[in-house]
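**Q** What follows is a single structure, and I will ask about it in a moment.
Derivation of every value follows stated rules applied to the coordinates shown; laboratory data play no part. Source: prediction; values computed, not measured. Neighbour counts are summed over all protein chains in view; Cβ atoms, including those assigned to glycine, are modelled from backbone coordinates with ideal geometry.
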Amino acid sequence: MAGSSHGHTPAAWTGVIIAFIGFTVAGAFMVLAYPAGFWGGMAIVVLGGVVGWIMRAMGLGQPKNAHPTHQVADKREPASVEG
């Protein structure tokens, strides 16, 4: 979608950055074979989603009517070919 601003909001950026940090922490502790650290990283991932959702609810996300639904412009019947 050229020209779209989908996801370019403070809520989206903050949520994704926190989730990325969580995935990094979980991945590091997975390699180190430390299950508690892995689950701590996964908790950070969930926290990123919660923070993004709260920020969106506070008005820092994309407005609901920013992208209107796609509508078909031409509803004519196809021309019949007689031969």
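**Q** Skipping prolines and chain starts, which residues have an amide H placed within reach, meaning under 5 Å, of the one on GLN62, given they are 5 or more residues away or on another chain?
**A** Hits under the 5 Å cutoff: none.
**Q** With an 8 Å cut-off on Cα pairs and a minimum separation of 6 or more residues, tell me the relative contact order of segment 3-60 in percent.
**A** Values: 67 pairs, mean separation 25.5, N = 58.
Reported as a whole number, the value is 44 percent.
**Q** How high is the FRET efficiency between MET58 and ILE21 when r is their beta carbon distance and R₀ equals 22 Å, given to the nearest 0.05?
**A** Details: r = 21 Å, r/R0 = 0.96.
Computed FRET efficiency for MET58 and ILE21: 0.55.
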